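So the structure is just underneath, and the comments pick up after that.
The values are calculated or read from the model by the stated rules, or taken from the named source; none is laboratory data. In this text the structure is predicted, and so the values were computed from the model without any measurement. So basically every Cβ, Gly included, is an ideal-geometry build from the backbone, and we count neighbours across all protein chains shown. When the accessible area is computed, the model is the full protein with side chains, heavy atoms only, and any ligands, DNA or RNA have been set aside. Shrake-Rupley method; radii C 1.70, N 1.55, O 1.52, S 1.80 Å.
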Amino acid sequence: MMETTAPILPARDFDETSGFYQKLGFRETGRWDEGYMIMVRDKVEVHFFLHPNLVPTSSHHMAYIRTEDVDGLSDEFTKIGLPDSGIPRVESAENKSWEMREMAVVDPNGTLLRIGQFM
């Protein structure tokens with residue numbers, strides 16, 4: 001039986017990436033010299049591999065996170081003071097035509113985190 005998943009995403013710089021995700025309420029639970037890092041918030045794990053040559057504006061990496069309180073997260077992340085355009089950024093929660101209420105965060109690596117809940 002499968003129970004969880006953890007995306008493995010690129011990071012140009014682990015210190016920058018860790019600092020960004022800590023602002024989102026994640027904590028770093030491991031970092032290895034081989035170029036691997038894990039960040040955790042609640043039951044969500046996001047893993048990172050070191051990719052120093054990544055160009056954030058060309059990144060096509062993304063992950064979807066389900067939540068039961070997208071509006072609460074949207075409010076929390078908006079208060080961090082991230083811009084609403086560019087990289088990094090936060091996009092406030094809104095209703096989507098596919099019956100989801102979603103928000104988005106783009107991290108400093110250009111990775112899109114779409115966060116949503118069923119309407």
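Given the structure, is residue 15 acidic (Asp, Glu) and modelled with pLDDT under 95? Here the answer is no, as residue 15 does not meet what is asked. Exactly one residue out of 110, 116 is among the small types (Gly, Ala, Ser), part of a loop (DSSP other than H, G, I, E, B), crowded, with 16+ Cβ neighbours inside 10 Å and in contact (Cβ under 8 Å) with a residue 40 or more places away in the chain, and it is 110.
If only residues of the stretch 67-107 that are in contact with a Phe, Trp or Tyr (Cβ under 8 Å, 6 or more places away or on another chain) and closer than 30 Å to residue 52 by Cα are counted, the one that is most open to solvent (accessible area, probe 1.4 Å) is 88.
Residue check: is residue 16 open to solvent by 40 Å² or more (accessible area, probe 1.4 Å) and without any contact (Cβ under 8 Å) to a residue 24 or more places away in the chain?
For residue 16, the condition - open to solvent by 40 Å² or more (accessible area, probe 1.4 Å) and without any contact (Cβ under 8 Å) to a residue 24 or more places away in the chain - is not met.
The set of residues from the stretch 50-78 being over 13 Å from residue 11 (Cα atoms) and in contact with a Ser or Thr (Cβ under 8 Å, 6 or more places away or on another chain) comprises 63, 73, 74, 78.
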